[in-house]
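Visitor: Quick one: structure below, then a few questions.
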Amino acid sequence: MKIEDLLVRRAVGSDAAEAAEIWLRSYAAALPYVRRAHTDDRVRAWFRELLVPHRETWVATAGTSAVAVMVLDGEELDQLYVDPPWRGRGVGDRLVDLAKRRSPAGLELWTFQVNAPARRFYERHGFVAAEHTDGSRNEEREPDVRYVWTPEAP
């Protein structure tokens, strides 16, 4: 399937389980050495009870299957996870472009310092590291970095 054939749409309740599984697989693949703060079941409940019903949650679908999930919370790009087999195929690019359109005044996000591929991805999309922490403020206690994207002046 081509990237042009992907459908990006707002998630609905029936997407929560699949979105959670994408998150779990992607986290495990990208961050195998980072301690997870919550069990798989707690992550599934988080998607089902909070993210999909109460946050601006988007899914990218290929046919009948979701292949990526993104959660926006105001000007924060809160979650962006692409199913591992779909990485490097432009899915994340499409979601970041959507996030920028949804928040044209700017965006911010957090990622772990050890997640070099994510950091390169966000930097390629114009995000700039604005703050590095020791991880004491996140549940995983993992050093992280806050990125900021500000649109260019016309």
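Visitor: Which whole-number value in Å² is the accessible area per residue of segment 1-93, probe 1.4 Å?
Guide: On the way: 4750 Å² over 93 residues.
In whole numbers, segment 1-93 has 51 Å² accessible per residue.
Visitor: Follow-up. For the chain, taking Cα atoms only, what is the radius of gyration to one decimal and the Dmax to the nearest whole Å?
Guide: 14.9, 46
Visitor: For the chain, what does the helix formula give at 222 nm: sum of -39500 (n - 2.57) over DSSP H segments with n ≥ 4, over the residue count, nearest 500 deg cm²/dmol?
Guide: Details: 4 runs with 43 residues, N = 154.
Taking each H run of at least 4 residues, the total per residue is -8500 deg cm²/dmol.
Visitor: Hey, another quick one. Run the numbers on segment 25-154 and let me know its relative contact order in percent, using alpha-carbon pairs under 8 Å that are six or more apart.
Guide: Computed over segment 25-154, the figure is 20 percent.
Visitor: Between segment 57-109 and segment 24-47, how far is it from one alpha carbon centroid to the other, in angstrom?
Guide: Result: 18 Å between the Cα centres.
Visitor: Using only the C-alpha atoms of segment 56-140, find the volume of their convex hull and express it per residue in Å³. It would help to have the intermediate numbers written out before the result.
Guide: Details: hull volume 9.8 nm³, N = 85.
In segment 56-140, the Cα hull volume divided by residue count equals 115 Å³.
Visitor: Further question on the same structure: Can you divide the C-alpha Rg of segment 24-75 by 2.2 N^0.38 Å and report the result to two decimal places? Intermediate values should be presented prior to the final figure.
Guide: On the way: Rg = 12.4 Å, N = 52, 2.2 N^0.38 = 9.9 Å.
In units of the 2.2 N^0.38 Å rule of thumb, it is 1.25.
The values are calculated or read from the model by the stated rules, or taken from the named source; none is laboratory data. Predicted model, so just to flag it, every value in this text is computed and none were measured. Accessible surface is based on the protein model in full, side chains and every heavy atom, while ligands, DNA and RNA are left aside. Shrake-Rupley method; radii C 1.70, N 1.55, O 1.52, S 1.80 Å.
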